[in-house]
Structures are given as C-alpha cells and as structure tokens.
1. Please count how many residues of the stretch 311-326 are more than 19 Å from HIS603 (Cα to Cα) and either assigned to a helix (DSSP H, G or I) or under 22 Å from the mean Cα position of the chain (by Cα) (or both).
2. Given (1) closer than 22 Å to PRO660 by Cβ; (2) part of a loop (DSSP other than H, G, I, E, B); (3) of a type outside the set (Lys, Arg), where does THR83 come up short, assuming only one miss?
3. Among (1) within 16 Å of the ligand (Cβ to nearest atom); (2) within 30 Å of ARG661 (Cα to Cα), there is one condition GLY342 misses while meeting the rest; what is its number?
4. Limited to the stretch 613-628, what total is found for residues that are assigned to a strand (DSSP E or B) and open to solvent by less than 10 Å² (accessible area, probe 1.4 Å)?
5. When both residues are 6+ apart or on different chains and their Cβ atoms are under 6 Å apart, which pairs have a first residue that lies in the stretch 475-489 and is on the phi > 0 side of the Ramachandran plot, and a second that is charged (D, E, K, R) and open to solvent by 20 Å² or more (accessible area, probe 1.4 Å)?
6. Which numbered condition in (1) crowded, with 20+ Cβ neighbours inside 10 Å; (2) modelled with pLDDT of 95 or more is the only one that ASP482 fails?
7. For the stretch 338-347, which positions are assigned to a helix (DSSP H, G or I) and in contact with a strand residue (DSSP E or B) (Cβ under 7 Å, 6 or more places away or on another chain)?
8. Failed condition for GLU267, given (1) away from the ligand (no atom under 16 Å from the Cβ); (2) surrounded by fewer than 24 Cβ atoms within 10 Å (Cβ to Cβ), with all others met?
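The values are calculated or read from the model by the stated rules, or taken from the named source; none is laboratory data. Computed from a predicted structure; not experimentally measured. Here the Cβ positions follow ideal geometry from the backbone for every residue, glycine too, while neighbour counts run over all protein chains shown. Calculation scope for accessible area: heavy atoms of the full protein, side chains included, ligands and nucleic acids excluded. Shrake-Rupley method; radii C 1.70, N 1.55, O 1.52, S 1.80 Å.
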Amino acid sequence: MNYIDPSKIIGASLSRVDGPKKVSGQAMYTSDHNFPGLLYAVPVSSSIASGTITKLDLSAAEKMPGVRAILHADNIGKLYRVTGEQPKMDEKRPPFADKEVRYYGQYVAAVIADTFEQATAAADVVKVTYSLKPLNVSEALEPADWKTESERGNVEQAFDSAPVKIDETYVTPTETHSAIELHATVAAYENGAFTLYETSQAVVNHQQVAMAILGEPKENVRVISRFLGSGFGSKLWPWPHCFIAAAAAKQLGKPVKLVLSRKMNFEAAGHRPVTQQRMRLAANQDGKLVSLSHDYLNHTSILDSYKENCGEATPFLYSTANLRVRSGQVHRNVGTPTSMRGPGAVPGLFALESAMDELAIKLDMDPVALRLKNETAIDESTGLPFSSRHMAECITTGAQKFGWDKRTAQIGSMQRDGKILGWGMAACTWIALRMPTEVTVELKADGTARAVCATQDIGTGTYTVVAQIVSAETGIPVDKIDVVLGDTNLPPGPFSGGSTVTASVIPAILQAVREAKKATIALAARTPNSPLHGRTPDELIFSEGAVKIASATTGSSGSSTSLPFGRVIEMAGSASVSGKGKGEGGFNDPLKKKFSLHSFGAHFVEVSWQPELARLRVERVVTVIDGGTVINAKTATNQIEGAVVMGVGMALFEHTHYDPRNGAPINSNFADYVMATHADAPQMDVTFLDYPDTNFNEIGARGLGEIGLAGIAAAITNATYHATGTRVRKLPAMIEDLIGA
Ligand code: MOS
C-alpha cells in the first residue's frame with residue numbers, strides 16, 4: 001500500500017508513515033500521558049492587564065476537595081531567568097517571578113489537585129486583589145525609534161524625483177496560532193531528574209531552557225515530544241506554564257499534568273503581533289522600480305522585545321538601486337508575541353505585494369509584467385548570487401496555469417454565473433535555513449533499519465521524509481525503516497520551525513547511512529562464513545539493500561555475489577551496525593557568505609463577489625513554488641494547501657481583538673475567533689518547479705510549509721480590489737469595507 005520502490009522514493013507521493021498510528025488513536029500526544037499518582041495543575045490567570053497583586057486569598061481554594069497545593073510567587077521556589085538569544089524563550093520572565101501584572105491572562109497562581117475538575121473548581125475560587133495601573137492595548141502603533149535593517153542608494157531622493165509613486169500604510173492584526181492540540185506539559189520528577197512531556201516544536205531548545213530555568217544539569221532534564229497536533233510556531237519555544245508544571249512535580253514528588261484551556265492559548269502562549277507598515281514605492285513610467293522604502297512597526301509585550309521581521313523579503317525580492325528597510329517595536333499590555341507561520345515575511349509580503357499591485361494599477365501595467373520587469377539576477381542587498389532562484393518561472397508558470405491572459409484589467413469587468421470575478425496575484429518567498437543536526441542510523445540483522453534524531457514531527461511529515469531519505473540511500477523499503485524522533489536522549493536535532501528540518505536532516509542522514517553501509521561492507525568482507533569473505537571492502541558495494549561485488553553488472557549477479565545486509569549482520573553474529581552523521585548550519589551558516597538562500601513562489605487567486613449579498617469568496621488558487629527538490633509530493637502539497645487555506649483566514653477572518661477596558665483578548669475561543677474552515681477552502685492547484693538546489697545540500701531540497709502562507713493574503717486582497725474596487729490595506733477584509741465599494 002505504502003510501498004514505493006526505493007529508487008523512486010525521492011519525490012514520491014507517500015502517505016505519512018505515522019498516519020495509521022494517528023488515525024487509530026495509538027499516537028501518544030503529550031496530554032495522553034498518564035502515570036500513577038498523576039496530579040493536575042490549573043493556572044489562575046489575571047483578570048487585569050496592568051497592575052500589582054495586592055492580595056492573594058487562597059482560603060476558600062485551599063479547602064476545596066482534592067487540592068494538594070497552590071503555587072504562587074511566594075512558594076514556587078527558585079526559578080532562574082533565561083537571558084540572551086540562546087536558548088530561546090520569547091516570554092523570558094519565569095512564572096510568578098514578581099507581583100506585577102503586565103498582560104491579561106498572566107498566571108498569578110496555580111492549583112494542583114487530584115483531578116482536573118477539582119483543580120479547575122479551586123482555581124475559580126482563588127481571590128486576587130489588584131491595584132490597577134493604566135493599560136494600553138491599542139492597535140494603532142505610534143512611531144518608535146527606527147532601526148535600519150537594510151539600505152542601499154538614497155531612497156528619499158529617488159522617491160522624490162520619480163514619476164510614479166505609492167505611499168501607503170498596511171496593517172495586519174494580532175493573529176493567534178490555533179493548533180488543534182492545546183499546549184500541554186506532563187512533568188515527572190524522579191530520583192532528582194525531570195522527564196518533561198511537552199507540546200514542543202524544539203525538544204533540544206526546550207531542554208536547554210528547562211536546564212536554565214530549573215537550574216539543573218543536562219542529565220537531569222529529558223524532554224519528549226513524539227507527536228504534535230501542529231503548532232504553527234506557538235510551540236517552538238517554551239512558555240511559562242511548562243515550568244509551573246515542572247516546579248509542582250518537584251515540590252509534590254508526583255507527576256503533574258497541565259493542559260492550557262483554549263482561552264489560555266489565546267492569552268499566554270504567543271500570537272502574531274499587530275503590524276503597521278508604511279510602504280513607499282517609486283517607479284519610472286516603464287515600471288522599473290527606482291525606490292523602495294519599508295518602515296514597519298510591531299507591537300510586543302511590556303518586558304520582551306519580540307520583532308516581527310516584516311522586512312525579511314524586501315531587500316532581495318526585486319531589483320532596485322535605492323532601498324531602505326527600517327523597523328521598530330511598540331510595547332503593549334499583551335502577552336509576548338512569537339513566531340507564527342512565516343514570521344515576518346507573511347505580514348511583510350502582505351504589505352509589499354499589495355503595494356506592488358497598487359503600483360501596477362497606477363502605472364496601468366499588468367501586475368505580472370511589473371514583477372517580471374523588476375526581477376533580479378542577484379541579491380542586491382548583499383551582492384551575492386542566489387543558491388537557486390526561479391521566481392520568474394514561478395510567475396509565468398502560474399499565470400499560464402491560471403489562465404491570466406484572459407484577465408481584463410477593468411474593475412468588475414469579469415463575471416461568471418452572475419458573480420463578479422476578481423483576479424489577483426502576488427509573489428512569495430521564504431528563507432532557506434539549515435540547522436546543526438546529528439542523526440544515528442542503525443542497520444539491523446532482521447533486515448530493518450532505524451534512524452534517530454532529537455528533532456520532532458509537527459505533523460508536516462518529518463517521520464516520513466527521514467524514512468524516505470534512508471530508503472533512497474540504502475534501498476530498504478520505508479515500511480522496514482523505523483524513525484524515532486522527539487526525545488532529547490537522541491542525538492541533538494533541529495527545531496521544527498522556519499521550514500528547516502528537511503534540509504537540516506538530509507546531510508546528517510546521508511552521512512550516517514553511508515557510514516553504516518561502509519561498516520556492513522567491512523563486515524561482509526571479514527566474516528568467515530560470508531560468501532563475500534576475503535574480498536577487500538573496495539571490491540564491494542552496498543546497493544538495493546544488499547552487499548554486492550562491485551564489478552558484477554546488474555543482472556549477472558548470482559546469489560553468491562549479493563547478500564542482503566541483514567544477512568551480513570546476522571552472519572557476523574551482530575544485532576546491528578550503525579553510523580553517525582552530522583549536518584552543519586545555523587543562523588550564522590558559513591554558506592550564507594556564499595549564497596543568498598531562499599525559496600520562491602507565486603500565487604494566483606480568483607475571488608467571486610456578490611455585491612447584493614456582500615459575499616466574497618476565494619474560489620480558486622494556483623500556486624507555484626520553487627522550493628528545491630521535493631522529497632514527498634503528498635506532504636509538500638499538503639503543506640502548501642494548508643497554508644493557502646490559512647491565507648484565506650488571514651485575508652478575510654483572523655483577528656484577535658483586545659478589549660480596551662481590561663486588555664483581554666476578547667474573542668479567545670473558536671466561536672468568536674474566525675478561521676477558514678473546509679467550507680472556505682478554494683479549489684487549489686499546487687505546482688512545484690522541483691529544481692534541485694545542490695548548493696544547499698546534495699539532494700537539493702530547501703524546505704516547504706511557511707512559504708505557502710507568504711504573499712497569499714495580498715493575492716486575495718489584490719483580487720478583491722479587481723472585483724470590488726475596494727483596496728483592503730487593513731486585514732482582515734471586512735464586509736463593511738467592501739460594501740462601501
Ligand atoms: Mo514555524 S513559525 O517556524 O513553526
């Protein structure tokens with residue numbers, strides 16, 4: 001069923017190897033872990049966004065049935081603060097570190113009880129008295145101190161003297177990652193050591209943060225995250241609740257489970273912050289960009305300085321002699337923001353690709369032609385070549401698949417079945433990054449293989465992709481390859497973020513497999529009863545899961561010249577042979593000095609508009625992605641389709657509203673926080689150009705996932721303008737904006 005010839009495994013459309021476990025309920029997610037004597041922790045969340053706790057009245061709560069302890073600032077014990085960039089934690093203040101409240105939903109205490117219901121009931125009767133301070137959760141961001149991030153030429157001068165200009169501000173709201181699986185920790189403390197079951201996209205970083213906060217050596221902290229119900233970035237770095245559970249487990253000597261409510265997920269587990277971006281674009285009459293200025297602000301919390309990196313794509317996406325990107329952060333009484341799918345580039349490209357559309361209209365030029373006109377040969381911000389860039393082909397292929405040549409530019413000029421159609425497009429791009437990775441691969445006497453790494457699978461298909469790479473390099477079918485991830489006892493692996501895992505694991509897996517193959521060959525040559533005994537290792541090869549004589553041509557190899565690897569190991573009296581591999585990389589990857597590393601793509605969108613009903617629907621999306629070699633056509637397509645649906649939500653629905661009176665994220669539930677559902681999903685057509693980026697790694701894969709969300713919101717609002725004549729510069733597009741048209 002799931003069998004694919006190993007020689008055709010790279011790029012195959014393979015179902016997830018962990019799929020059966022997930023659909024049959026056998027996959028153990030974090031909150032599925034139960035242990036004898038397990039206790040439940042439920043945090044008490046602040047009901048104000050700014051002030052000081054003056055009294056914590058626990059008298060009623062302490063008398064409630066089943067209550068074992070109530071932790072708060074005076075009794076949680078010593079927790080250390082994480083400082084600096086590494087290890088990474090966005091909200092750096094440890095739980096209950098002081099009595100100041102800086103956002104609504106900040107944990108002020110936690111009840112630990114025998115059951116979840118008892119803990120919840122007791123948490124409800126903890127009485128907290130506050131002295132209030134002024135709060136500010138305003139979405140309108142005041143100018144901050146500008147920090148220049150990228151600059152060339154003279155943007156002001158070029159802008160002033162250019163004939164065609166755009167000067168507009170684009171706003172994106174707070175969006176909350178809404179993974180189906182709630183954030184959770186199950187913490188166990190035994191014999192002086194912690195085992196932390198976490199909803200973590202980065203077990204190794206989580207371990208390092210836990211060591212720092214708990215003041216423990218590495219051998220005393222193990223972090224496990226086998227399966228994740230997604231995360232979208234919210235589970236990349238630890239949040240304070242993790243250490244409430246850990247501290248409680250240690251104090252009480254019992255395992256403690258803490259599962260956040262959906263409301264808490266909105267309040268204290270990250271979000272994409274509000275962004276406000278002023279774009280100034282100037283061009284000559286022929287459409288050549290002469291000046292591009294991008295000034296952006298994002299909100300962050302009171303104590304931390306999360307930057308939404310909106311200028312990520314701006315410096316290299318188009319050719320222009322004059323360019324400047326500046327950023328600033330504005331503090332608000334909100335929980336600390338964090339990375340959310342395509343952090344920075346996603347809101348950044350909403351602004352840039354909206355502005356490009358506005359510029360095209362002002363130039364009376366086709367938006368496709370404008371982008372092609374400004375295609376760049378190199379990364380003009382660094383002067384470096386791209387490792388691999390096929391942006392123009394993404395655009396032309398997308399235009400052709402979409403039927404763009406039938407587009408008439410006039411607003412509202414296209415109709416079908418009595419509905420007005422709008423056609424819009426946008427370019428997209430996302431970083432290519434690889435992180436240091438270690439992998440161990442074992443070849444076993446029973447004919448199976450095992451690959452292990454302390455990375456994790458957030459649902460994107462990492463288990464499957466690792467198995468595919470091992471299969472391709474050994475000839476062992478994937479159903480005989482066991483992949484173990486999500487445990488810090490394994491060799492250290494990368495975080496599941498930034499669409500980086502595939503490219504990070506490839507070199508490590510290849511190296512590990514080659515070492516294991518070499519060891520198997522050596523074994524075949526020196527094992528006395530092996531038919532290959534006496535051959536020098538140079539005369540032997542490992543191919544199609546067997547050790548063979550190198551000179552034997554295909555077809556002529558008899559049984560005496562080909563021995564399955566399992567048999568070799570068995571004959572040697574071993575259980576297995578193994579190999580270790582290491583991949584390089586990091587935020588300061590030396591490869592970044594040679595190449596500009598990015599993926600590219602383009603979205604083409606059709607919306608339908610029924611003004612009599614004020615009904616806007618995204619009907620059809622054609623996406624073309626240049627992400628290097630595709631390892632798995634199915635999981636890759638799933639990633640882009642999921643991102644496109646998320647993009648419908650970003651463009652039309654998602655908006656976390658803060659109540660100006662008390663600072664509460666007021667729509668902190670799935671009834672009021674509107675997301676795109678199946679019914680909102682357009683007809684999707686995803687194409688991968690599949691050009692191997694061998695400057696990046698041997699197989700040529702870069703990474704997929706986040707790029708699908710980049711640019712899509714702009715493509716949708718560009719199409720909306722084409723249908724309605726209303727330019728949406730503030731997301732999400734609201735019916736009331738559109739009926740003004
Ligand atoms: Mo993604 S925001 O890198 O999980």
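1. Start the filter on the stretch 311-326 by keeping residues that are more than 19 Å from HIS603 (Cα to Cα), which leaves 311, 315, 319-326.
Okay, now just the ones that are also either assigned to a helix (DSSP H, G or I) or under 22 Å from the mean Cα position of the chain (by Cα) (or both), so 311, 315.
Residues meeting the conditions: 2.
2. It is condition (1) that THR83 fails.
3. Here GLY342 clears every test but (2).
4. 8
5. GLY475/GLU544; GLY486/ARG226
6. Evaluating ASP482 over (1) crowded, with 20+ Cβ neighbours inside 10 Å; (2) modelled with pLDDT of 95 or more leaves (1) as the failure.
7. Taking the stretch 338-347 as the starting set, the residues that turn out to be assigned to a helix (DSSP H, G or I) are 345-347.
Within the stretch 338-347, ALA345, PRO347 meet the criteria.
8. (2)
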